[in-house]
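**Q** The following block contains the structure, expressed as structure tokens.
The values are calculated or read from the model by the stated rules, or taken from the named source; none is laboratory data. The model shown is predicted, which means the values in this text are computed figures rather than measured ones. Please note: Cβ atoms are built from the backbone with ideal geometry, for glycine as well, and neighbour counts cover all protein chains shown. Ligands, DNA and RNA are stripped out before the accessible areas are found, and what is left, the full protein with its side chains, is counted by its heavy atoms. Shrake-Rupley method; radii C 1.70, N 1.55, O 1.52, S 1.80 Å.
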Amino acid sequence: MAVDIPYLCTVIGNLTGVPIRVYREGEQIFYHAVVDLPRDPICLYLDKILEIRERVGYFITPIFNYYGIVRSGELAVVLGPARQIPAETHVLRELAFRADVPAVDTDDFILAMQNITRMPLDRVLQILLMVDHVLSGERLTLLDLKIYDAEQAERKKLFDSQTESQESASAGALPESVGNSYALEQTITNIVRHGDTASLRQWVANAPPVEAGILAHDQLRQYKNTFIVTATVICRSAIRGGMDVHDALALSDSYIQECELLTSMEAITKLHYHMALDYTERVERIRRGKQPTKLTMDVTNYVLHHLSEPIKTADIAAAVFMSRSRLSTKFKEEAGVTLTDYILKEKAIEGKRLLRYTDKTIISISEYLGFSSPAHFSRVFKKYIGVTPHEYRERKQ
């Protein structure tokens, strides 16, 4: 009996609240979603998702959205994006920017993404297995699925080219070291808490091997349990270092969820490195000076969450329960720079990241970061980075 795939996908889309599509040889022939997305964010990852040749597979994006794919002959059914933990508004705003959502539609895009039903990846995979059974008549289980982690490898570069050559020699050091050594645990937590990425790289490159405590009798489960312990310790250290509590816990949950899906100890080891560096880099950006105060960390967290918006002193003052004049004076005393200088410098740093890691135009980046004009963005960028946006992008090519 022939299967009516559009009907099947419509029912699944209605039941799950997650967008679903059908492709024939790379061309979309069906789409259904109960949310109204101005632009489908799958455009950022479609090529990589369709590269998955397994009959049933899945793909995790850098912001921990996941897509599942089922192949049947020349057809591919793709479900997603889904996630278990709600994404922060600033994360969705950047996703909209990367997906070329028009500025006038960005708020609608964010609202639609927030209204997609949240569910764990395991549930998405069970749905995919059901679809595969309907299409193929065969019965697969979760154990038959393989993670597609090429994007994970690209997501974070823990080492530059020189350090990468040392990685194999120290592989496994981080997960094993946290297991039963209080001294080494303190070393890692202090590094994360102070946002000291340079020390982290140096430590990992020379970390001594230490026997881990027994957390499971299965070796793969041992690595996963150790990862969970490490994630908990690092998360708490990042919070102590000034990272927003919600951000830190959500990031920890996402990393643990991803770890649970890995099927090799090597992949878990790599994820350890990515996680440690991710937290440390985030704390490094939040902390200002050797003795950051609560005010400077609160202001930094606010600014980092609103880089894609025009940031007003009055809004920050309201967020930290101060008057505008008091905030400006106090921040200058404690951070050593004016609040305006700090905000513009952070926007310039974000612009540098976008120029390096995206193909967006300078005009688009300028608009995304809330500058009044590309010329204004260029002046600010040159003041804090030392070159114009065009010169910076040319150097990085």
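**Q** Send over the Kirkwood Rh of region 62-138, from the inverse of the averaged 1/r over different Cα pairs, rounded to one decimal Å.
**A** Hydrodynamic radius (Kirkwood, Cα only) of region 62-138 equals 13.9 Å.
**Q** For region 248-391, which whole-number percentage of the solvent-accessible area (1.4 Å probe, protein heavy atoms only) is attributable to carbon and sulfur atoms?
**A** Percent of accessible area from carbon and sulfur atoms in region 248-391: 52.
**Q** In addition: Can you find, among Q28, V3, N115, the residue sitting farthest towards the positive end of the charge dipole of region 1-122, where Lys and Arg contribute +1 and Asp and Glu -1 at Cβ?
**A** V3
**Q** When the accessible area of region 92-141 is split by element with a 1.4 Å probe, what percent falls to carbon and sulfur?
**A** 47
**Q** Run the numbers for R24 and S325: contour at 0.36 nm per residue of separation, minus the present Cα-Cα distance, in nm.
**A** So the chain would gain 102.3 nm between R24 and S325.
**Q** Report the full-extension gain for the segment N14 to H133: residue separation times 0.36 nm, less the Cα-Cα distance, to one decimal in nm.
**A** 40.9 nm
**Q** Keeping every protein chain in place, order R201, R93, R324 by accessible area at 1.4 Å, biggest value first, i.e. largest first.
**A** Result of the area sort, largest leading: R324, R201, R93.
**Q** Could you work out how much longer the chain between T338 and T263 gets when fully extended? Use 0.36 nm per residue separation minus the Cα distance between them, nm to one decimal.
**A** 22.1 nm
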